[in-house]
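Working notes, beginning with the structure itself.
The values are calculated or read from the model by the stated rules, or taken from the named source; none is laboratory data. In this text the structure is predicted, and so the values were computed from the model without any measurement. We place every Cβ from the backbone using ideal geometry, glycine too, and count neighbours over all the protein chains shown. When the accessible area is computed, the model is the full protein with side chains, heavy atoms only, and any ligands, DNA or RNA have been set aside. Shrake-Rupley method; radii C 1.70, N 1.55, O 1.52, S 1.80 Å.
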Amino acid sequence: FGLGVMYDYNYGNSIQAEASFKKSIEANPLSHEAWLPQYFLGHIYLRQDKMLGAEELFKKALKLEPKKSILYGFLATTYTKEGNYELAKEYYQKADSLRLQYYNPITRYKICVCSISDTLHRFFKGDV
């Protein structure tokens, strides 16, 4: 896992990082720490616009760590990039509800953007 982080963030080698994260996931798919390589690999897929792969990995990571707000946030980002603003808003709200110990204006902003984007999308389709 650590090798994947080094390849991705220190050397910008997402191919080597992906291989390292996959090996780490295969070695311990259900361990408590398995959410980390799934998160990092999902992040690589998100950057590469591989939305289905990113969504699958973030969901798997959430099954292992259902209280990690960052996972809900990145799943919401995936849905935003897909244009599914309603679902993105739902997941941003889940992320925000887990961060109640402090105010997070960025997540609140993303919730508003998703609401506006969803309304505009439905308006131009004639659904509003």
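Annotations for the structure displayed:
- Radius 12 Å from Cβ of LEU52, net charge of other residues (Lys, Arg +1; Asp, Glu -1): -1
- With a cut-off of 14 Å between beta carbons, the residues surrounding SER14 carry a summed charge of 0, where Lys and Arg count +1 and Asp and Glu -1.
- Accessible surface for LYS89 stands near 60 Å², nearest 10, in the context of the full protein assembly shown (1.4 Å probe).
- Prolate/oblate/rounded call for the range 1-87, Cα gyration tensor, a/c under 1.5 rounded: oblate
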